[in-house]
Amino acid sequence: MDPIVWEWIGAGIRWLHVIAGIAWIGSSFYFVHLDSSLKPRAGLPEGAAGEAWQVHGGGFYHMVKFLVAPSNMPDELTWFKWEAYATWLSGFALLIFVYYFGAQLYLIDAQVMALQTWEAIAISVGSLVLGYGIYDGLCRSQLSKSDGWLAIFGFGFVVLATWIFTLIFSPRGAFMMAGALMGTVMAANVFMVIIPNQRRVVASLMKGEKPDPSLGRTGKQRSMHNNYITLPVVFVMIANHYPLAYGAVLNWLILAVLIVMGVSIRHFFNTMHKGLPAPWWTWWIAGVCALIVVAISRVTPIDPAEDAALMPAAAVAEAPVGLADAADIVISRCSMCHTAEPVWEGVHVAPKGVVLDTPEAVRKHADQIFVASVWTHAMPPSNITEMTIDERRRLARWFQDGAAAVN
Ligand code: HEC
C-alpha cells in the first residue's frame with residue numbers, strides 16, 4: 001500500500017482509540033464518583049436510594065439512583081457500552097496495525113525467541129483469550145467472596161503473565177501485550193458480565209420481580225476491577241514511547257510496581273469521593289513506588305547478556321571514543337531507518353523525526369541515543385541491525401566522556 005496512506009491510516013486508528021478511551025474512562029470515572037457521592041434523603045421517590053446535585057456547563061443536574069425499577073419505567077434508557085467496545089475494537093485494530101503488521105520490528109526479538117510472524121501473532125491472540133479465561137475463572141471461584149484476595153490473585157496473575165510475555169516477545173511487545181491483556185479483561189468484563197447482568201436485572205424489574213442480588217454484586221465487582229486498573233493500562237499505552245519503562249531488563253517488575261502505584265492513587269480518589277477521610281497512606285505508597293521505578297531503571301540495564309549488566313560502569317569500553325567513531329557506529333546501525341528517506345522496508349519517514357545520518361546529528365541526539373541503545377536495548381528495534389554489545393559499550397564510553405567532542 002502507498003506508504004503515505006498507510007501512515008495516515010495508522011494516525012486515524014490511534015486518534016479513534018484515544019477518543020474512545022477518553023469516553024470510556026470518562027464515563028467510568030464519572031459513574032464511580034456519582035455512585036460514591038449519592039446521599040439518602042427523606043422524601044425521595046419510592047425505590048430511590050440516594051441523590052446528588054451537580055452543576056456543569058451552567059446547568060443544574062439532579063441525579064437520583066433507583067435500586068429497583070422506578071414506578072414508571074422510562075421509554076428510553078441509555079446504556080453505557082459502546083465506549084468500551086469502541087475502545088477495545090480500535091485498540092485491537094491498532095495492535096494489528098503496529099504489532100502484527102510490524103511484528104518483526106515490534107513484537108518479535110530473535111534473541112528472546114526466534115518466532116515466525118504467524119507464530120507470534122497466534123501466541124498473542126491466544127494469550128488474550130486464555131488470559132481472560134483465567135481471570136474469569138478466578139472471579140468465579142471461591143476467591144470472589146473476598147474482594148481483597150481476588151485483587152491480590154488478579155495482580156499476581158497479571159504480573160506472571162507479563163513476565164511470561166518477556167520470555168516470548170520483544171521487551172516492547174511484552175509490555176504492550178500486558179496492556180492489551182488488561183484492556184481485554186476490562187472490555188470483556190463489560191461485554192460478558194456487566195451488560196448481560198444489567199439486562200437480566202432490568203428484565204426482572206420490568207416483570208415486577210426482585211432481581212437476583214448476585215447479578216448486581218458480580219457486575220459491581222468487575223466494574224471496580226476496571227476502575228482500579230485504568231491508570232496502569234493507560235500508562236502501558238503511552239509507555240511504548242519510553243524505552244526506560246519497556247526496554248529495561250526488569251520491565252515486568254517496573255510494570256508490577258506501576259500497577260500498585262496506579263491502584264493506590266485510584267483508591268485515594270475513590271475513598272475521597274465517598275466523602276470519607278482521604279487515605280493519606282495511598283500517596284506514600286504511590287511516592288515509594290515512583291522511587292522504586294526510578295531506582296530499578298537506574299540500576300538494571302545495560303546488557304541482559306552479561307552479568308556486568310547490573311553495573312553499568314563496568315560495561316563501558318576502556319578506550320576513549322570520539323564523535324567520529326560514535327557516529328560510525330550509529331550511522332551503520334541506525335541510519336537505514338533514521339534518515340530523511342529510510343531504506344528499511346516498512347519505515348517511511350525518519351521515526352519520531354529522529355534523524356541520525358551525520359556526525360552532527362548524532363551529537364545532537366546523544367541523550368536519546370544513550371537511553372534508546374545503551375541504557376536500554378530498545379533500539380535498534382529487536383536489534384534488527386545486529387548492533388553488538390561492544391558497540392553499545394563504546395557508545396557508553398563516548399557518552400560518559402561528555403559526548404560533545406567535535407573530532
Ligand atoms: C529498523 C528501523 C530502525 C532502526 C535500525 C533504528 N530505529 Fe530507532 N526507531 C525506529 C522506529 C520505528 C521508532 C519509533 C518507535 C515508536 O513508534 O515509538 C524509532 C524511535 C527511535 C527514537 C525515538 C524514541 C522516542 O519515542 O522518542 C530514538 C532516540 C531512536 N529510535 C534511536 C535509534 C538508535 C540510536 C538506533 C541505532 C542504534 C536506532 N534508533 C535504530 C526504527 C529504527
Response to the item:
Checking segment 9-94 for chymotrypsin sites (Phe, Trp or Tyr not before Pro) in a loop per DSSP with at most 12 other beta-carbon atoms within 10 Å yields W79
Response to the item:
The equivalent-ellipsoid semi-axes of segment 308-400, taken as the square roots of five times the Cα gyration tensor eigenvalues and listed largest first in whole Å, are 22, 14, 10
Discussion item. At 0.36 nm per residue, and after removing the present C-alpha to C-alpha distance, how many nm does the segment from Y85 to L291 gain when stretched out fully?
Written reply: 70.6 nm
Discussion item. Restricting to DSSP loop positions (anything but H, G, I, E, B) with no more than 16 other Cβ atoms inside 10 Å of their own Cβ, which trypsin sites (Lys or Arg not before Pro) remain in segment 182-268?
Written reply: K207
Worksheet item: Sorted by accessible area with a 1.4 angstrom probe, largest first, how do V293, V125 fall?
Response: V125, V293
Response to the item:
Excluding residues fewer than 8 positions from K364 in its own chain, the lysines with Cα under 28 Å of it are K352
Worksheet, complete the sentence: In debye to the nearest 20, the charge dipole size for the chain, taken about the Cα centre with +1 at each Lys and Arg Cβ and -1 at each Asp and Glu Cβ, equals 1760
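As an exercise, identify the GluC sites (Glu not before Pro) in segment 1-70 lying in DSSP coil whose Cβ has no more than 16 other Cβ atoms within 10 Å.
Here the GluC sites (Glu not before Pro) that fit, given the DSSP loop and packing criteria, are E46.
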Discussion item. Name the residue from C337, F155, L107 whose Cα lies farthest towards the positive end of the charge dipole of the chain, charges +1 on Cβ of Lys and Arg and -1 on Cβ of Asp and Glu.
Written reply: F155
Worksheet item: If you take the charge dipole of segment 308-400 about its Cα centre, with +1 on Lys and Arg Cβ and -1 on Asp and Glu Cβ, which of G353, Q368, M379 is farthest toward its positive end?
Response: Q368
Discussion item. How long are the semi-axes of the equivalent ellipsoid of the chain, defined as square roots of 5 times the Cα gyration tensor eigenvalues? Whole Å, largest first.
Written reply: 47, 22, 20
Worksheet item: What is segment 308-400's relative contact order, in percent, from Cα pairs under 8 angstrom and six or more apart in sequence?
Response: 35
Discussion item. For K207, give me every one of the lysines with a C-alpha distance below 20 angstrom, ignoring sequence neighbours fewer than eight places off in its own chain.
Written reply: K65
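Can you give me the relative contact order of the chain as a percent, contacts being Cα pairs under 8 Å and 6 or more apart?
It rounds to 13 percent for the chain.
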Worksheet item: Can you list the lysines whose alpha carbon is less than 19 Å from that of K145, not counting same-chain residues fewer than 8 positions off?
Response: K220
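The values are calculated or read from the model by the stated rules, or taken from the named source; none is laboratory data. Remember, it's a predicted structure, so these values are computed and weren't measured experimentally. Neighbour counts are summed over all protein chains in view; Cβ atoms, including those assigned to glycine, are modelled from backbone coordinates with ideal geometry. Side chains included, ligands, DNA and RNA excluded: accessible areas come from the protein's heavy atoms. Shrake-Rupley method; radii C 1.70, N 1.55, O 1.52, S 1.80 Å.
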